[in-house]
Structure formats: structure tokens, C-alpha cells
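Just below is one structure, and these are the notes that go with it.
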Amino acid sequence: RSDMVHSVAMPSASKQGTLAANGGFSAKQPTISLDSAFAINYYFTPSNAVEGEMTFYYWNAADFAAVDVLSIENATGSAVMTQEGARYGAAIEGIAAKDIDSALYACGVYTDANGNTYSTGILPYSLGFYCGNQAKGDGALADLAAAIAVYGYYAGIYFAK
């Protein structure tokens with residue numbers, strides 16, 4: 001049912017603060033891992049040469065709601081992104097079924113050789129949002145996504161008690 005499918009709204013520009021997107025990326029691609037544990041994988045392709053490392057910052061729903069403006073100082077966590085050819089990757093792992101509709105907010109930040117800092121902007125994503133989109137298709141992935149969405153919906157109700 002449509003009420004079992006999660007949607008994720010973009011945060012306002014004022015909430016993103018200095019982490020708002022500024023054009024330093026040619027691709028921003030969150031994906032989902034449906035292996036034994038749920039994970040959200042983020043892949044960013046920078047438009048410029050990265051000087052040093054690209055850093056991945058993320059906020060869980062509670063930390064996101066608790067602040068007026070997101071910053072690297074109030075992030076729930078961070079990690080150095082792994083370079084994979086032209087793109088950089090990081091993952092948020094261990095998402096519990098009861099939390100599939102909890103949005104995670106993430107961004108990638110890097111500096112180029114000229115000292116310019118670039119941010120992807122805050123990208124909200126959730127496993128429930130992914131499953132809702134995939135369930136619209138055909139085949140085994142659509143069936144799996146629909147089952148995960150229903151499971152997550154009822155897990156959220158059960159664990160909220």
C-alpha cells in the first residue's frame with residue numbers, strides 16, 4: 001500500500017548552511033546493499049582533482065532534527081571516502097529493519113589543489129524510500145523491495161510499542 005512507502009524530503013537551504021551543494025561534483029549516487037545487513041552506499045564523483053582526502057559526513061534522523069544548521073561539527077559520524085577510480089565511496093551499514101523509514105542525511109566534502117572546498121549538499125535517503133521506488137518495477141528485485149517495505153512498516157509499528 002502507498003502508506004507503507006517512505007518518502008524523503010530535501011532539507012532547506014538554510015538547514016544545509018555551508019554544506020549546500022556548490023557544483024563540485026559530476027555525479028552523486030546513493031545505492032542500497034541488500035546483503036545480510038542493510039546498508040546505504042554513497043558514491044560521489046568530484047568534478048575537480050581532490051587534494052588529500054574526500055570526507056563523508058552523515059546525520060541520523062534524531063541528530064538532524066536536533067540542530068538548526070548542519071555542520072561537520074554536529075555530524076553523527078564521518079569517514080574518509082575510499083577512492084574507486086574516478087569516484088569516491090562510503091557506506092552507512094547496519095540499518096535495522098525498524099529504521100528503514102528513518103532518513104539518513106549525508107554529504108561529501110573535498111578540497112581541490114587551489115584550496116576551494118566543495119560539498120555535495122545534504123542528500124537525504126532511506127532504505128524505505130529505495131524500496132518504494134524499486135517496488136514499482138518488475139521481477140525479483142521489485143518483489144524483494146516490496147517485502148522489505150512491508151516488513152519495515154510492521155517492524156516500525158512493533159518496535160514503537
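The values are calculated or read from the model by the stated rules, or taken from the named source; none is laboratory data. It should be emphasised that the depicted structure is a prediction, and the values quoted were computed from it without experimental measurement. Because the Cβ atoms are built from the backbone with ideal geometry, glycine has one as well, and the counts that use them run over all protein chains shown. Side chains are part of the model used for accessible areas, which takes the heavy atoms of the whole protein and leaves out ligands, DNA and RNA. Shrake-Rupley method; radii C 1.70, N 1.55, O 1.52, S 1.80 Å.
Step by step: first the residues of the stretch 63-95, then only those that are part of a helix (DSSP H, G or I) and open to solvent by 70 Å² or more (accessible area, probe 1.4 Å), then the one that is nearest to Gly17 (Cα to Cα). Which residue is that? Step by step, filter the stretch 63-95, then rank; the result is Ile72. Scanning the stretch 116-157 for residues that are in a loop (DSSP other than H, G, I, E, B) and without any contact (Cβ under 8 Å) to a residue 12 or more places away in the chain returns Lys136, Gly137, Asp138, Gly139.
Evaluation of Tyr105 against the conditions (1) assigned to a strand (DSSP E or B); (2) touching a residue at least 24 places away in the same chain (Cβ under 8 Å); (3) open to solvent by 60 Å² or more (accessible area, probe 1.4 Å) shows that the sole unmet condition is (3).
For Gly121, indicate whether it is surrounded by 15 or more Cβ atoms within 10 Å (Cβ to Cβ) and closer than 22 Å to Ala9 by Cβ.
Details: surrounded by 15 or more Cβ atoms within 10 Å (Cβ to Cβ): yes; closer than 22 Å to Ala9 by Cβ: yes.
Judged against the criteria, Gly121 is a match.
A single member of Ala140, Ala113 is open to solvent by 60 Å² or more (accessible area, probe 1.4 Å) and over 26 Å from Gly17 (Cα atoms), and it is Ala140.
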